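Have a look at the structure below before the remarks.
The values are calculated or read from the model by the stated rules, or taken from the named source; none is laboratory data. None of the values given here were measured: they were computed from a predicted structure. Cβ placement follows ideal geometry from the backbone for every residue including glycine, while neighbour counts extend to all protein chains displayed.
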There are 2 protein chains.
Amino acid sequence: MPSNSLKNMENNSTEPDEHLIVNRIYAAVMEQRLAPNTKLSEPKLCESFGVGRMRVRRALLLLASQGIVDLQSNKGAYVACPTPGEADEVFSARKLIEAGIVRDLAKRSDETAIAGLRHHIEKEDRAREVGERHEIIRLSGEFHVELANAYGNSVLNKTIRELITRTSLIVGLFGTNRSATCPENEHAQILDAITAGETERAAELVCHHLEHIQAGLNLQHQQPNEDDLVAILGSR
Amino acid sequence: MPSNSLKNMENNSTEPDEHLIVNRIYAAVMEQRLAPNTKLSEPKLCESFGVGRMRVRRALLLLASQGIVDLQSNKGAYVACPTPGEADEVFSARKLIEAGIVRDLAKRSDETAIAGLRHHIEKEDRAREVGERHEIIRLSGEFHVELANAYGNSVLNKTIRELITRTSLIVGLFGTNRSATCPENEHAQILDAITAGETERAAELVCHHLEHIQAGLNLQHQQPNEDDLVAILGSR
DNA sequence: TTGATAATAATCGTTAACGATTTATAACAG
DNA sequence: CTGTTATAAATCGTTAACGATTATTATCAA
């Protein structure tokens with residue numbers, strides 16, 4: 001029941017900023033616990049996070065500026081529903097940026113960064129064995145965040161995080177049954193190319209990797225998700 | 001007198017969004033009419049744009065999320081003062097993204113896009129002849145925006161616009177007397193490489209171009225700008 | 001005159017309240 | 001029973017007001 005997944009996000013009450021709210025929603029979208037078109041009503045969010053309306057409103061504005069939520073005037077905030085055109089743009093941008101990142105990473109051959117990425121891939125493998133769906137999805141996307149992390153540029157880091165979150169929305173909308181995660185072992189191949197210092201091959205592998213994800217989508221029939229049905233049929 | 005430059009920004013009262021405020025401040029920063037560390041007090045902005053405090057506050061939040069302004073708790077909003085480390089990150093990110101863009105542009109060889117860029121360079125040349133400082137600065141930065149525009153990806157477009165604006169702040173802080181604009185004729189060289197379809201050369205030219213700008217900076221002595229002096233000496 | 005201290009003014013952050021629009025519910029005609 | 005209309009509830013956007021903090025000015029001692 002993905003419509004109740006907001007309940008999982010209580011307030012830690014440690015951070016004064018509204019970035020906490022943003023990060024929580026980021027995480028929920030990344031793990032596909034928040035489906036596209038889910039309504040994010042202000043009163044519900046206020047209660048969930050235990051903060052005033054202003055904080056929630058600011059967080060929603062930030063999320064809207066990043067294409068994660070859609071603010072409809074006088075109607076409210078909804079988790080964004082990327083169009084096929086936007087999906088193209090996101091993948092295109094990701095290919096360009098991530099190819100550049102791995103190219104430079106392969107040039108550097110930073111041992112500790114590579115070790116960290118290797119460790120992450122092991123975590124992915126273990127999660128796949130156990131079969132925790134949310135965990136697999138989360139780690140699968142997080143690998144790409146870790147790539148940007150290893151590069152150590154906060155600007156690109158932020159952009160990539162944003163794009164990966166939007167990718168989660170795209171996969172949630174257009175993805176076929178088993179396309180929610182990255183094709184396995186491709187991450188390992190990319191890392192191998194980086195480790196070997198093969199810059200162009202690493203860049204190509206990343207591009208192909210993203211194209212594989214894109215190929216697993218069905219951009220024609222934007223499948224109406226379950227939440228839509230719930231909204232149409234009513235919940236009581 | 002750069003401290004009064006806010007006066008030039010009256011409200012058009014056509015657009016309902018607060019993006020208008022954001023864009024005005026963007027433009028002012030790009031043309032270096034708003035120097036780093038300039039205080040953006042809410043009452044002044046409200047009056048300048050003829051809007052309520054909420055709008056101004058939202059705009060400032062958006063600008064802060066993009067690193068253009070710095071929100072200091074209980075003190076107010078100030079035009080950001082990038083550190084040398086941030087400057088490095090901005091240039092590094094720009095090199096990666098813009099190199100990728102021109103590489104792909106050279107691959108495509110889109111006639112109309114090239115014609116548009118050629119036209120823009122002509123405008124730059126004319127402005128240089130006339131000697132309008134603000135105009136030169138604006139067009140010089142805008143060429144890079146036009147590159148992203150030609151690529152036609154709104155995601156990269158937004159990111160590049162953000163980075164170029166931050167570059168204006170960096171040049172304003174660390175730039176030497178005549179380093180405010182891009183080295184002339186380098187834009188033309190880049191476009192020539194794109195037109196000729198020389199992908200790698202175009203990418204290298206862009207990187208070198210950005211490195212030239214970076215080389216014209218003096219990251220050691222962060223020159224205290226005039227506005228600081230005005231604030232110290234008082235204005236009456 | 002210079003420096004420190006106290007009082008005043010201005011600004012910021014937040015909360016609460018109000019109208020406006022939308023959505024849900026209920027009543028009713030066909 | 002279906003479709004429509006009218007009422008009621010809920011939500012959103014905005015404005016106004018209130019403490020709290022900061023900046024400025026004025027006062028006074030050295």
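What the table below lists for this structure:
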{"item": "B:Ser235 vs. criteria away from DNA strand D (no atom under 16 Å from the Cβ) and either modelled with pLDDT under 95 or assigned to a loop (DSSP other than H, G, I, E, B) (or both)", "result": "no"}
{"item": "Within region A:71-94, tally of residues that are under 21 Å from A:Lys158 (Cα atoms) and either within 13 Å of DNA strand C (Cβ to nearest atom) or of a type in the set (D, E, K, R) (or both)", "result": "4"}
{"item": "Test: residue in region A:89-101 that is in the same structural domain as A:Ile194 (by TED's automatic domain parsing), under 23 Å from A:Asn218 (Cβ atoms) and without any contact (Cβ under 8 Å) to a residue 40 or more places away in the chain", "result": "yes"}
{"item": "Where B:Ile160 falls short, out of the listed (1) away from every other protein chain (no Cβ under 14 Å); (2) buried (at least 22 other Cβ atoms within 10 Å of the Cβ)", "result": "(1)"}
{"item": "From A:Glu111, A:Glu42, A:Glu86, residue being over 30 Å from A:Ala196 (Cα atoms), away from every other protein chain (no Cβ under 11 Å) and among the acidic types (Asp, Glu)", "result": "A:Glu42"}
{"item": "Sole residue being free of Cβ contacts under 8 Å to residues at least 40 places away in the same chain, buried (at least 18 other Cβ atoms within 10 Å of the Cβ) and either among the small types (Gly, Ala, Ser) or in a helix (DSSP H, G or I) (or both), chosen from A:Leu139, A:Leu117", "result": "A:Leu139"}
{"item": "Boolean, B:Glu198 is more than 14 Å from chain A (Cβ to nearest Cβ), touching a residue at least 40 places away in the same chain (Cβ under 8 Å) and surrounded by fewer than 18 Cβ atoms within 10 Å (Cβ to Cβ)", "result": "yes"}
{"item": "Filter result for the condition that a residue is polar (S, T, N, Q) and within 14 Å of chain A (Cβ to nearest Cβ), over B:Asn185, B:Asn149", "result": "B:Asn149"}
{"item": "From the options B:Ser168, B:Ser109, residue that is in the same structural domain as B:His209 (by TED's automatic domain parsing), of a type in the set (S, T, N, Q), touching a residue at least 60 places away in the same chain (Cβ under 8 Å) and more than 25 Å from B:Val22 (Cβ to Cβ)", "result": "B:Ser109"}
{"item": "Pair list, Cβ < 6 Å and 6+ apart or interchain, from region A:56-74 residues that are not assigned by TED's automatic domain parsing to the domain that holds A:Gly172 to residues that are more than 12 Å from DNA strand D (Cβ to nearest atom) and at pLDDT below 95", "result": "A:Arg58/A:Glu18; A:Ala59/A:Glu18"}
{"item": "Within region B:36-64, considering residues that are surrounded by fewer than 21 Cβ atoms within 10 Å (Cβ to Cβ) and small (Gly, Ala, Ser), the one farthest from the chain's Cα centre (by Cα)", "result": "B:Gly52"}
{"item": "Residue check, B:Ile170 under 28 Å from A:Gln66 (Cβ atoms), in contact with a strand residue (DSSP E or B) (Cβ under 8 Å, 6 or more places away or on another chain), within 14 Å of chain A (Cβ to nearest Cβ) and not small (Gly, Ala, Ser)", "result": "yes"}
{"item": "Leading residue by the ranking (nearest to the other protein chains (Cβ to nearest Cβ)) among those in region A:67-81 that are surrounded by fewer than 21 Cβ atoms within 10 Å (Cβ to Cβ) and closer than 18 Å to B:Leu61 by Cα", "result": "A:Gly67"}
{"item": "Residue within region B:153-160 that is part of a loop (DSSP other than H, G, I, E, B) and in contact with an Asp or Glu (Cβ under 8 Å, 6 or more places away or on another chain) present", "result": "yes"}
{"item": "Counted residues, region B:92-112 - those being surrounded by fewer than 22 Cβ atoms within 10 Å (Cβ to Cβ) and within 16 Å of the chain's Cα centre (by Cα)", "result": "2"}
{"item": "Matching residues in region A:32-70 - criterion: being within 21 Å of B:Leu71 (Cβ to Cβ), outside any helix (DSSP H, G or I) and within 14 Å of DNA strand C (Cβ to nearest atom)", "result": "A:Val51, A:Gly52"}
{"item": "Condition check for A:Val29: surrounded by 22 or more Cβ atoms within 10 Å (Cβ to Cβ), assigned to a helix (DSSP H, G or I) and outside the structural domain of A:Glu135 (by TED's automatic domain parsing)", "result": "yes"}
